[in-house]
Amino acid sequence: MRFLFTNGTIVLPDRLLEQGQVEVVGRYIRAIDAASTAATVPHGTHVVDLNEGFLVPGFVDLHVHGGAGHDFMDATEEAFRAICQAHARHGTTSLLATTTVARHEQHMEFLRVCHNLCTPPQSSATAAALGGTGRPTFAAERAGQLPPTGGARILGAHFYGPYFAKEARGCHPGAAIRPPRPDEYLEYLSFGSCIRRASVAPELPGAETFVRACRALGIGCNAGHTHATFAQMEAARSWGITHVDHLFCAMSDRARLRQEQTYPMRGGVVEATLYFYDLSTEVIADGKHLAAELLKLAYKIKGPGALALVTDCNRALEMPDGEYVFGPRDGGEPILRRDDVGLMPDGKALASGVMGMDHGVRTMLALTGAPLVDVIRMATLTPARIAGADKEIGSIEIGKVADLVVLNRDLHVREVYIGGAKL
Ligand SMILES: [Zn+2]
């Protein structure tokens, strides 16, 4: 298949190309031009009129629990497919299937299904060794076809629960929270090739050994659901933790730590995340979790290269208001969908998101006033880098996989292409 996207603004990694056009051949982006310089359209090319809207890279979501009534912890191929198809309708073309706190066998079931459906990035070095062209690719994806999910590509798992601090569990079920133990996690890590990132609360016993075991397999490590001190976060960096889950949510700060410490006042996870340049982080940009000033603070200090937008979306995406279960139906936590967000049953505490990434992009833009280029980067190239897939996806550049979203002038999703195949 050959596509020519024309008559709109192309959002490049560092600038807007107005009245630009992009040519896609097979699975890859072949050319990017100003419209006037383009040669005649080759026979058989499908011309896509952007109608003065935008062409942006497909969104990459590092933190997705579910959608369309399903949670990844339902651990069936049907659930995985439905979630990936739902998020693709909101412009997400790659995601990390994210676990919740659950029992051991439920994590194993999740990993088996994830392994069957994920298409992890393959480094160009590996492609060359396999006799390929050296061009980046995703194994098991075919030209002209969507990924095996029929929607967003699963880059791999974000192994999120169960290694959280109990006091920082948020909406995750408390009973199954536990510290990492090698006899257990080595079973999970046997699926290492499809785990892209793993989270742990650094203050737990065994956290360091867990992080080092993940790093040895090339799995990126996050601090999450943690009441660590600044000093514990500094130590965690030296083990190989490079990213912090949903900034400001389910984490310690000076005020929280002060409840247990006398003086001097000390920093916690919030302060450490803002302080260390080499820690990237993410914000749930649904406009319900964080007020404008917190989104602005995160953007100002971390910048578009180290701050990703995430949905943290639960199964209530595209579902009516009402009661749902966060995590596995067997043992998960009851939550509500109300007011375009997830809430605990008392309606007082937040319980993850219910909106797609397109909503996050529009909300971040409206609440922070950040330039469109930066907001798109935080939903594409930056999370792609954090997921270890920025050689393949995350920006409109020649040679990259053609994951593209057509947005109309008010930034609503009109068309979605994954690997050059139209959704
Ligand atoms: Zn969380």
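Taking the stretch 242-254 as the range and being away from the ligand (no atom under 16 Å from the Cβ) and under 17 Å from residue 386 (Cβ atoms) as the test, only 242 passes. Within the stretch 209-241, restricting attention to residues that are of a type in the set (A, V, I, L, M, F, W, C) and within 30 Å of residue 292 (Cβ to Cβ), the residue that is farthest from the ligand (Cβ to nearest atom) is 230. Entry remark, the stretch 80-110: residues being touching a Phe, Trp or Tyr at 6+ places or on another chain (Cβ under 7 Å) and either surrounded by fewer than 24 Cβ atoms within 10 Å (Cβ to Cβ) or within 26 Å of residue 360 (Cβ to Cβ) (or both) number 11 in total. Exactly one residue out of 399, 331, 369, 353 is crowded, with 24+ Cβ neighbours inside 10 Å and not hydrophobic (A, V, I, L, M, F, W, C): that is 353.
In summary, residue 340 fulfils each of the numbered conditions (1) touching a Lys or Arg at 6+ places or on another chain (Cβ under 7 Å); (2) at negative phi with the single exception of condition (2).
One line per residue, one yes/no per condition, for (1) farther than 21 Å from residue 25 by Cα; (2) modelled with pLDDT of 95 or more:
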| site | (1), (2) |
| --- | --- |
| 114 | yes, yes |
| 127 | no, no |
| 137 | no, no |
| 154 | yes, yes |
| 159 | yes, yes |
| 170 | yes, no |
| 179 | yes, yes |
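Considering (1) assigned to a loop (DSSP other than H, G, I, E, B); (2) within 16 Å of the ligand (Cβ to nearest atom), the lone condition that residue 148 does not fulfil carries the number (2).
The values are calculated or read from the model by the stated rules, or taken from the named source; none is laboratory data. Because the structure is a prediction, the values reported are computed rather than measured. All Cβ positions, even for glycine, are placed from backbone atoms using ideal geometry, and neighbour counts span all protein chains on display.
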